[in-house]
Amino acid sequence: MSIIEKAASRIDHKKGEPQGAPSASAPAAAHPDSAAAAVASAVAEATAAVPTAVPTAVPRRTSNHVELDLERMHGIGLVTAAGGRTTLVEDFRIIKRPLLKRAFAARGPGDKPGNLIMVTSSLPGEGKTFCSINLAMSIAMELDHTVLLIDADVARPSVLRTLGLPAHRGLMDLLLDDKLDLADVMLRTNVNTLSILPAGSNNPRATELLASQAMSTFVNEIANRYPDRIVIFDSPPLLLTSEAHVLASHMGQIALVVEAEGTTQHAVKESLRQLEGCSNVNLIYNKTREFPGTETYDYHYG
């Protein structure tokens, strides 16, 4: 029986009832909208009888969030806003200024995006990860820029370990799985202007992945998605792996860390030779010691 038929049946039933004296349970006079009320009641009953479809909840993508222990970072010699005006903070203010200027300068035909900056070294242990993190933290203090720090040393990732954070999916997983999005693996931090992309899973085909079309697409996307973003790649050492050379081909700027009294002149020359053809190669002279427990940094730009 349809909704209208149910309503009409109810009205006819009410018309056939005896019109005696009003009782305590019956109204003294019929309401002028009784017919409409009967229709509404029938519609309500019929509607209640039909099960309603419950909309399926669409899961909302939430970004991963990590807490940086800024006190611990300051204690191990990393740049933090909470650390005050130290020599280290001032040194990285000096290094970032020309990098920022070049990052957003007008690009000529064939120029790589200047906001993509690779920090590398000739050999392990020369301080490239510390310089990468310090540079990222210093730029994150800027009012007009955000920073994405990428651990691209996929064979020996150390950014998360240095920051005291557990391992996480990252760059390699993103390149291997086209269903993953950057938001799935990027870590947002309690420094609002700083995000981190870990190296991710170890993979024997890392060099091929960094040279793949997926990597080129990813690099172009992160370089151009946000106009105020600086992207810093903590790269593998140049003289030990082939990944650094592949990575350098995507970069608009390169910073080569040289350890004071550690990196040989031969190693520096060989690293610079391998970077021939790359524009904006800068040298960071790192770990010069004036007094026990202190370090200063010197920067040269070419």
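Quick note: the coordinates plus some simple rules give every number you see, no bench work behind them. Only a predicted model underlies this, so the values are computations on that prediction, with no experimental measurement involved. So basically every Cβ, Gly included, is an ideal-geometry build from the backbone, and we count neighbours across all protein chains shown.
What to note about this one:
- Pair Arg85, Ala105: separation of 7 Å Cα→Cβ label points (nm): 2.9 nm
- Residue-span extension gain [Val268 to Ala214] - 0.36 nm each, minus C-alpha spacing: 16.3 nm
- The distance between label points at Glu67 and Ser201 comes to 3.0 nm (points 7 Å beyond Cα on the Cα→Cβ vector).
- Residue order for Tyr226, Tyr285, fewest other beta carbons within 10 angstrom first, comes to Tyr226, Tyr285.
- Lys pairs, segment 64-301 - Cα-Cα below 29 angstrom, 8 or more residues apart or on other chains: 14
- For Asp91, Asp228, Asp151, the sequence from fewest to most other C-beta atoms within 10 Å is Asp228, Asp91, Asp151.
- Principal axis box of segment 154-197, alpha-carbon based, largest edge first, Å: 28, 26, 13
- Among Phe92, Phe218, Phe104, Phe233, the order by Cβ neighbours within 10 angstrom, fewest to most, reads Phe104, Phe218, Phe92, Phe233.
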